[in-house]
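Bear in mind that the values in this text are calculations on the coordinates, not laboratory data. This one's a predicted model, so the numbers in the text were calculated from it and none came from an experiment. Methodologically, a virtual Cβ is constructed for each residue, glycine included, from the backbone with ideal geometry; neighbour enumeration extends over all protein chains shown.
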Number of protein chains: 2
Amino acid sequence: MAAATHPNSDNSTPRNGAQETRPSAGEIHPKHSYAPICEHGLEVPETAIELDDSPTGPNEPFRVYRTRGPEADSHVGLPPLRQDWILERGDVEAYDGRERNLADDGRGAERRGEASKEWRGEKRKPLRAQAGRRVTQMAYARAGIITKEMEFVALREHCEPEFVRSEIARGRAIIPNNINHPESEPMIIGRKFLTKINANIGNSAVTSSIDEEVSKLQWATRWGADTVMDLSTGDDIHTTREWIIRNSPVPIGTVPIYQALEKVNGVAEDLTWDIFRDTVIEQCEQGVDYMTIHAGVLLPYVPLTSQRVTGIVSRGGSIMAGWCLAHHKESFLYENFDELCEIFSHYDVAFSLGDGLRPGSLADANDTAQFAELKTIGELTKRAWEYDVQVMVEGPGHVPLNMVQANNELEQDWCHDAPFYTLGPLVTDIAPGYDHITSAIGAAHIAMGGTAMLCYVTPKEHLGLPNRDDVKTGVITYKLAAHAADVAKGHPGARAWDDAMSKARFEFRWHDQFALSLDPETAEAYHDETLPAEPAKTAHFCSMCGPKFCSMRISQDIRDTFGADLGMPGVGSPVDPEVREAAAGEQTMAKKFKEQGSDIYVEEQQ
Amino acid sequence: MAAATHPNSDNSTPRNGAQETRPSAGEIHPKHSYAPICEHGLEVPETAIELDDSPTGPNEPFRVYRTRGPEADSHVGLPPLRQDWILERGDVEAYDGRERNLADDGRGAERRGEASKEWRGEKRKPLRAQAGRRVTQMAYARAGIITKEMEFVALREHCEPEFVRSEIARGRAIIPNNINHPESEPMIIGRKFLTKINANIGNSAVTSSIDEEVSKLQWATRWGADTVMDLSTGDDIHTTREWIIRNSPVPIGTVPIYQALEKVNGVAEDLTWDIFRDTVIEQCEQGVDYMTIHAGVLLPYVPLTSQRVTGIVSRGGSIMAGWCLAHHKESFLYENFDELCEIFSHYDVAFSLGDGLRPGSLADANDTAQFAELKTIGELTKRAWEYDVQVMVEGPGHVPLNMVQANNELEQDWCHDAPFYTLGPLVTDIAPGYDHITSAIGAAHIAMGGTAMLCYVTPKEHLGLPNRDDVKTGVITYKLAAHAADVAKGHPGARAWDDAMSKARFEFRWHDQFALSLDPETAEAYHDETLPAEPAKTAHFCSMCGPKFCSMRISQDIRDTFGADLGMPGVGSPVDPEVREAAAGEQTMAKKFKEQGSDIYVEEQQ
């Protein structure tokens, strides 16, 4: 992450003054500037955070990855970054696509003859695989091909492209990027990479507009969401999604059963495979990158939920359970799963195999219903892989802290190491209004144990729909949880960010502390509440101790006194051998973690 | 916690209409009412949360402990609840006390001839142990005496008084309650009891008034702080503390070196044992219940910090390090520790052995300096116990998530199971403004591993002094972290609260959900942002799915269809044996945890 460790920091000049015309989303502070890595014809949008000098000398800028794009004019959409890469492979064809149906946008649109805010930006013909071809990153990876997407990801994650390829080939990582969403910047989800976070947006029957949702997308991306799910269930579903995808630099996920349900006026038993299939194709052609499919909710599992405290809380899960019960038939998603795989392989849509029976309360965690579905998801994972379709697996929900890790272990075992993607989990049910926190506790813990992506939870969870502020709070909370897990896993370079902050803190470089914060605005505003004047940002004290006495100053004195010398004249450091051993053990552990991280790369690349 | 499990819920009538005259702090929602447990002449202030009926029948009120008092007129102070208990033991004497010195309140007070808002409420003569007596709970416990304080705690924690006594006798738990703070409600800190949380308040040289601090005390207590530390370093220290103690229903902790430093105008090297000793006695006589003493910061350990990224971040630690360096002498706290124990034993002040060398960044976690001090603290613990003085041990700070548990293990081993009291720890340094969350992640984790009390961190940590809102956010965040740990530890009855909430959620009892929340106001306000009208609080849907389709309704249908019968005609539940085994394993684990909890009580009580 740090410039110092990046081999290309010297030749990372932006191309054609790109930063003038389209600034990075990363420029959330005056000390941030767009400083992409430019290599192999790729431009990977990193942000350089300028740092002031230390007493001991200058500090290299600290570099972080941040997507570009969210600041663009949302009426135009983003440039199609990946379009050439996709076409150059020569395995896709443009076609007319499914006929647009006003019912895709609901009854309001049918009445008016158009959606309430029709997309007027560029409309490209949809692409699909040529007959007999599979255009998924997994197919390429298995064929030994390193795609541009993989190269981009390797630059972004500071690892070797071959490592990216091998992880995708073995199914332990995915790059969700539909060939009809060329605007997206490739990103990888897998436990050997940085932990990713997803932000949910979307309207509902009771609230929200297209503008609001686009604004939430841009806002979530600005603060660091790695993917965004559009969970709309209200009016203008198709058109809302069009606006979102055309403006999104990150992969977009959906739950297509939500839209299918709208098409049958919310009556679960009226759903059919044909309606669902048609909806999936509609979304594949628009460019949805991954779809939650609750194909593991089987008829025999439904009764397993009858004694639960909170039954089935997944909306998709209960739709399918309702359908199965009404027809007394096996799930049409399960029955037609192979056809779904075939379709996904034509567009490179990834499965997010949905946990329709996830627990909705601590009381229901890790029960038979949840695990029965997980086992079936493992079976479906293998089937999808037969079609070279990328897969991740969704996980809970609500789980007591001591029962969290079992979820990682079973998922890795039963689902053959497919990336795990969890919602929190919340570790207590008693704090509505604070469920971003109850869930961040579980999220950091589960990610430390190997979960690859965390779905954020906002303060409004269980209470209402998140507004802009909630989206930001959710994203920042999950960024910090994901990062804490990366540090705990010993992910190479992860702790460099903490160390840069700590050094700035120790040296009272206040502006650097703000600039290095996940949320510079809030950090600075909080500081200024107590000590607003500019001199307080260069003064060597803070509001905690005030100017008279300062802990940090004493520490500086100690450093000045002892320098690099750990001995002390006439005193020595007669430290207990047990203490030395324990501290050394911790250092060995830290080193081991670090080495493990490095080993992984080395081992895997051979 | 739940009424159903409490043996005395039927005869818990309040005495003399007490709830009319002095309402409980717990009445933070219209469905809350003061409903104390009245037994053995004690009145333990529980709050009953009224619940609406379920479709299947009525719900018993849910009961939680909440302190009384914070709503009282702060000019009068609280009634001296424990005064009679203390006097009845016949081992204390009232005396004139140390002569009040205006310098106790700083130069402003000396100039004016009084503090800026002199305490005008009741002034009792200080009490101390009669010559040759030790009036600590540990002394009583070791002598086999069950005090009123222990009985109160047993009712509050729903366990046997003998268990309380035995935990205190072996040093694994403490009841911090100075005989000069009779206003406090006894509470216990120990890993076999509910995890407690502390809120820090206090003015500084740059901000705040007495009124503000009293208001923060009441506010912190209202939301559930189990203890409060007054960390004032500004003007009117003595008088601010007087106001706080006289109004506090919870134990008050301090760091006396802060006040001592003010008495020598902030010049660490001018400190002397006499000034410090005098300050300690001043605070003992006022009624401080526990004091942070950094006696483990030894001269030889100081150089161990010189290579740290953030040096010494503990204010007390750096004061002592500065003193040791300046005089090139061993710490006067360490050298005079026996005298300090003697003094504490006269008032029943508990040690909070301060971690002056705690890490201030992930980079410095679990290093030699930190562990060297911890080992010394273990030695001091034993010395304090020789004087029957109660002890808890302070812990970090900033620690990567994977290195958190080592702190519990070393503390329990080296400090002989004295209760551990940690500040967070923060698991990343990159999120200033969100450090209540970065630290709650570490706090829940470390409490699950046995830490007995968590010191809250507010959103202002590292940036400024907390205001009222920050205090509330910090308290609620730590309540949820502590509760998550209690659930994870399988603490008897802890999960009943989550289950009551989940049941209310499943049945769309919105008013009950608010009432059961740690922060009812916020939960209701968030709900109302999306669906403000009253009917939405009884309607069987929410803003997430809207009225057309509802997951919970499908689950109700499933329950109606299958009832208690897990079989399904013509389908059966052919669940994979591995799934059954895994789920059964989780249930066994849960049961084991529960049994362990019960076993502990049974075992210990014999």
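Peptide B:488-496: average number of partner chain Cβ atoms within 10 Å per residue?
3
With a cut-off of at most 14 other beta carbons within 10 Å, and DSSP calling the residue loop, which trypsin sites (Lys or Arg not before Pro) in segment B:262-361 qualify? Please list them.
Taking segment B:262-361 and a limit of 14 other Cβ atoms within 10 Å, the loop trypsin sites (Lys or Arg not before Pro) found are B:Lys329.
Pull out a ≥ b ≥ c, the square roots of the eigenvalues of the alpha-carbon gyration tensor of segment A:161-252, then state rounded if a/c is under 1.5, prolate if not and a/b is larger than b/c, and oblate in the remaining case.
prolate
Using Cα-Cα distances under 8 Å and only pairs 6 or more residues apart, what relative contact order does chain B have, in percent? Can you show the working numbers first?
Values: 1187 pairs, mean separation 78.3, N = 606.
Relative contact order for chain B comes out at 13 percent.
What is the magnitude of the charge dipole of chain B about its Cα centre, with +1 placed on the Cβ of each Lys and Arg, -1 on the Cβ of each Asp and Glu, and no other charges, expressed in debye to the nearest 20?
For chain B, the charge dipole is close to 100 debye.
Looking at the square roots a ≥ b ≥ c of the eigenvalues of the Cα gyration tensor of segment B:312-423, which shape do they give, rounded for a/c under 1.5, prolate if a/b is larger than b/c, or oblate?
Judged from the Cα gyration tensor, segment B:312-423 comes out oblate (a/c at least 1.5, b/c at or above a/b).
Taking a threshold of 29 Å on the Cα-Cα distance, which of the pairs A:Lys196/B:Lys472; A:Lys503/B:Lys489; B:Lys123/B:Lys192; B:Lys123/B:Lys382; A:Lys479/B:Lys479 fall above it?
In this structure, A:Lys196/B:Lys472; A:Lys503/B:Lys489; B:Lys123/B:Lys192; B:Lys123/B:Lys382 exceed 29 Å between Cα atoms.
Considering every residue in B:478-487, what mean count of other chain Cβ atoms within 10 Å of its Cβ is obtained?
Taking all residues of B:478-487 together, the mean is 6.
Collect residues whose amide H, placed 1.01 Å from N in the peptide plane, falls under 5 Å from the amide H of B:Ser204; neighbours closer than 5 in sequence don't count.
Residues meeting the criterion, in which the H sits 1.01 Å from N, are B:Thr233, B:Gly234.
When only Cα pairs under 8 Å and 6 or more residues apart are kept, what is the percent relative contact order across segment B:94-177?
Once normalised by length, the contact order is 23 percent.
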